[in-house]
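Undergrad: If you scroll down you'll find the structure; I have some questions about it.
Readers should treat all values here as calculations from the given coordinates under stated rules, not as data from a laboratory. All of these numbers come straight from a predicted model, not from anything done at the bench. We place every Cβ from the backbone using ideal geometry, glycine too, and count neighbours over all the protein chains shown.
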Amino acid sequence: MLYYGLLNLEVLEKAKIKIINEVMKMGSKNTVYLTQEGLDDLKKELDNLINVRRPENIQAIKEARSLGDLSENAEYDAARNEQAQIEGRIQQLEKMLENVSIITEVTTDKVGIGNTVSIKYVDDDEEDEYKIVGSQEADPFESKISNESPIAQALFDHKVGDIVTVESPNGSYEVEIVDIR
């Protein structure tokens, strides 16, 4: 059964390396664009991870250790895996917060990050409204799209009345900017 324990340690180490690589890829040059609400949410998540989830996880590891042989202890393996995820997310959030740029000034003459944009699809006259936010806040179910998305990229620096071509993975289409707020 020692092999089983080593296998789990190997999986844990691979997970740690993956998380560390993701954090390193972020680098110091990657600006994270957030609204004040998004910044507050990240700070709350970080606080919860550090002050609630981490201590709970430490307690779970202690309890699992007390059960005996660690090489055959599934609870211990699960707690260690959770620890890797918690610590990786803490590192990721700290790195994001180091590189954050708060979206404060929003102009309504041209489309940019922080704007809410109403568009009309030229092909079928259907209208949609999107808020352009940083990639960390994007949530299509709330009509928040990433500044890195094809549609946001196509809309940037355009004005009301402009017709722009959106190059998406499914092909290109045209939209007209109806309103910018």
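Undergrad: Given the C-alpha centroids of segment 138-181 and segment 98-113, what is the distance between them in whole angstrom?
TA: The two parts, judged by their Cα centres, are 16 Å apart.
Undergrad: Along the Cα-to-C-beta direction of Asp179, a point sits 7 Å from the Cα; which residues of segment 92-121 have their amide N less than 20 Å from that point?
TA: So the set is 106-121.
Undergrad: So for Arg53, Arg181, fewest C-beta neighbours within 10 Å to most, what's the order? If you can, show how the numbers build up before the last one.
TA: Working: Arg53 17, Arg181 11.
Taking fewest neighbouring Cβ atoms as first place, the list is Arg181, Arg53.
Undergrad: Over the alpha-carbon set of segment 38-82, divide Rg by the Kirkwood Rh and report the Rg/Rh ratio to two decimals. Walk me through the numbers on the way to the answer.
TA: Working: Rg = 13.7 Å, Rh = 11.6 Å.
Using only Cα positions, Rg/Rh for segment 38-82 is 1.18.
Undergrad: Using only alpha carbons, build the gyration tensor for segment 38-163 and give me the equivalent ellipsoid semi-axes, biggest first, whole Å. Before the final figure, lay out each step's value.
TA: Values: eigenvalues 405, 51, 20 Å².
Semi-axis lengths for segment 38-163 are 45, 16, 10 Å.
Undergrad: Kirkwood hydrodynamic radius (Cα pairs, Å) of segment 77-150? Each step should come with its number before you reach the end.
TA: Working: mean 1/r = 0.0666 Å⁻¹.
It works out to 15.0 Å.
Undergrad: Further question: Go through Lys120/Lys144; Lys44/Lys144; Lys43/Lys120; Lys44/Lys159 and tell me which ones have a Cα-Cα distance over 27 Å in this structure.
TA: Values: Lys120/Lys144 17 Å; Lys44/Lys144 20 Å; Lys43/Lys120 36 Å; Lys44/Lys159 36 Å.
Beyond 27 Å between Cα atoms: Lys43/Lys120; Lys44/Lys159.
Undergrad: Continuing with the same structure: At a 10 Å Cβ-Cβ cut-off, how would you order Lys43, Lys144, fewest neighbours first? If you can, show how the numbers build up before the last one.
TA: Working: Lys43 13, Lys144 17.
Fewest-to-most ranking of Lys43, Lys144: Lys43, Lys144.
Undergrad: Additional query: Please work out how much length the chain gains when fully extended from Asp162 to Glu105, using 0.36 nm per residue of separation minus the C-alpha to C-alpha distance, in nm with one decimal. Display every interim value, and only then the final one.
TA: On the way: separation 57, 0.36 × 57 = 20.52 nm, distance 2.23 nm.
Using 0.36 nm per residue and subtracting the Cα-Cα distance, I get 18.3 nm.
Undergrad: Here's a follow-up. What's the Cα-based Rg to Rh of segment 115-181, Rh via Kirkwood? It would help to have the intermediate numbers written out before the result.
TA: Values: Rg = 11.0 Å, Rh = 11.8 Å.
Rg/Rh for segment 115-181 comes to 0.93.
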